[in-house]
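The values are calculated or read from the model by the stated rules, or taken from the named source; none is laboratory data. Computed from a predicted structure; not experimentally measured. Reconstructed Cβ throughout: ideal geometry from the backbone, glycine too, with neighbour counts over all protein chains shown. Ligands, DNA and RNA are stripped out before the accessible areas are found, and what is left, the full protein with its side chains, is counted by its heavy atoms. Shrake-Rupley method; radii C 1.70, N 1.55, O 1.52, S 1.80 Å.
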Amino acid sequence: MRKVRDEGPLENRDAWLEFIMDEYGERLTKLAYNYVKDWKLAEDIVQDVFIACYRNYDKIDEVISFKSWIYRLAINKSKDVLKSYAFRKVLMNSSMFALFSSKEMSPEKDLLKRSEEEFLSLCVLSLPVKYREVVTLYYYEECSIEEIQGILGVNHNTIKTRLSRGRMKLKKMMERWGYNGEQA
């Protein structure tokens, strides 16, 4: 019987894959979305992550921290997509479209703007990647500094600095848009 860091017994590859898909699917999709800012693309990335997991099933016992490993895999695949020519081409085309589209907010964007929680999420998404990834892992995925260090392979103090600077950038962004943190 196999185990993934004491998360439950697993008897075969298919059951194991189903287990990790249930356990990590939504969180990995949100993590990938934080990089690519496209839900369908994030889902494709996570599908690739699970394919890699399935292919590496026989080597999974060599992994020290499965959570760190699978998060690192999702982050690397997200960064690969960001570097790809096809993604940049689509991004440029959508940017060109935005130049010619209406200056009014779409109903979808207007609805998102109304919710404080979604507003914060939009602010987090607009952070540079190096701040966005630590803020996402720390606050949304509730990873410790040590876990983030294992996932990103970045120095402990660098993570603390990025968290601090990310919080400052978020605060400035929210103040710029008139959000002062008080309930109406």
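Restricting the search to region 31-40, which residues are surrounded by fewer than 17 Cβ atoms within 10 Å (Cβ to Cβ) and either assigned by the TED database to the domain that holds SER121 or on the phi < 0 side of the Ramachandran plot (or both)? TRP39, LYS40 - these are the residues of region 31-40 that are surrounded by fewer than 17 Cβ atoms within 10 Å (Cβ to Cβ) and either assigned by the TED database to the domain that holds SER121 or on the phi < 0 side of the Ramachandran plot (or both). If you go through region 141-163 and keep only what is at pLDDT below 90 and either surrounded by fewer than 16 Cβ atoms within 10 Å (Cβ to Cβ) or touching a Cys at 6+ places or on another chain (Cβ under 6 Å) (or both), you end up with just GLU142. Going through region 54-75 one residue at a time, which ones are more than 15 Å from MET21 (Cβ to Cβ) and open to solvent by 70 Å² or more (accessible area, probe 1.4 Å)? The answer is ASP58, LYS59, ASP61, GLU62, ILE64.
Of all residue pairs spaced 6 or more apart or on separate chains, those with beta-carbon atoms under 7 Å, a first member in region 32-50 that is free of Cβ contacts under 8 Å to residues at least 12 places away in the same chain and a second member that is among the aromatic types (Phe, Trp, Tyr) and crowded, with 19+ Cβ neighbours inside 10 Å are TRP39/TYR33.
Looking only at region 69-87, residues that are at pLDDT below 90, part of a helix (DSSP H, G or I) and hydroxyl-bearing (Ser, Thr, Tyr) come to 1 in all.
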